[in-house]
Amino acid sequence: MGILNVTPDSFSDGGTHNSLIDAVKHANLMINAGATIIDVGGESTRPGAAEVSVEEELQRVIPVVEAIAQRFEVWISVDTSKPEVIRESAKVGAHIINDIRSLSEPGALEAAAETGLPVCLMHMQGNPKTMQEAPKYDDVFAEVNRYFIEQIARSSRRVSQKRNCCSTPDSGFGKNLSHNYSLLARLAEFHHFNLPLLVGMSRKSMIGQLLNVGAVRAPER
């Protein structure tokens, strides 16, 4: 999966793919490098990020999804929590909904069910603006596992379970370094859901911290 952020403030590449031409060029670069899925995101989810309006996210995402769908034989994932973006993305060629809020926003579950697209559910403690302030768990694996049990059951009432894609707890998103590696060490245990796993690890600070190069800029990790 190649990540294409069409935002001004994402942690690794914010502001570098804002124009349609630049976004399509970068998608082509990732496809040539071996990517079979392009994940398009129009709202930064870095720690401290503020939400953007529906209108702004639609303007950022929809032209890019449509352009990629018209030009390349590749799956397109859309990183969004908004029902309006879910619906419009499906209309122009998206294949997967990748939602960090696990379809918890009002109308998101219904929108996903209408599209019939596979959905990637993700664990996050808090929200992007506050999630890294003081992440705390009594048992991080047990709590994240329980979260997925609940969210998969909830979404499966409207979205076919065969079409769910269970994301791992993802590094960051309300977890410290110890939490991240504790979950990574037990990654195989999430297979009990009998669903695909998606692990978001690229350019994450947990890699730099482990190698003691935490000050290295995200694009160079």
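Give just the number: which of (1) within 24 Å of Lys175 (Cβ to Cβ); (2) free of Cβ contacts under 8 Å to residues at least 40 places away in the same chain; (3) crowded, with 18+ Cβ neighbours inside 10 Å does Ile86 not satisfy? So the condition that Ile86 fails would be (1). Going by the conditions given, is Ser44 in contact (Cβ under 8 Å) with a residue 12 or more places away in the chain and on the phi > 0 side of the Ramachandran plot? When the stated conditions are applied, Ser44 does not pass them. Residue pairs whose Cβ atoms lie under 8 Å apart, separated by 6 or more positions or on different chains, with the first residue in segment 145-156 and closer than 13 Å to His123 by Cβ and the second assigned to a helix (DSSP H, G or I), are Asn145/Glu189; Asn145/Phe190; Phe148/Phe190; Phe148/Phe193; Ile152/Gln161; Ile152/Phe193. Cβ separations smaller than 8 Å between residues 6+ apart or across chains give the following pairs from segment 174-197 residues that are closer than 13 Å to Asn145 by Cβ to residues that are modelled with pLDDT of 90 or more and exposed (fewer than 14 other Cβ atoms within 10 Å of the Cβ): Leu197/Leu187; Leu197/His191.
Of the helices (runs of 4 or more DSSP H) that lie entirely inside segment 114-212, those containing 1 or more residues that are surrounded by fewer than 17 Cβ atoms within 10 Å (Cβ to Cβ), at pLDDT 80 or above and not basic (Lys, Arg) span 140-156, 177-185. Being more than 13 Å from Ser155 (Cβ to Cβ) and part of a loop (DSSP other than H, G, I, E, B) is the filter; apply it to segment 82-113 and report the residue that is modelled with the lowest pLDDT. Only one residue fits best here, namely Ile100. Taken over segment 1-49, the criterion of being charged (D, E, K, R), at pLDDT 95 or above and crowded, with 19+ Cβ neighbours inside 10 Å is satisfied by Asp39 alone.
The values are calculated or read from the model by the stated rules, or taken from the named source; none is laboratory data. The structure displayed is predicted, hence computed values, not measured ones. As a convention, Cβ positions derive from the backbone with ideal geometry for all residues, glycine included, and neighbour counts pool all protein chains shown.
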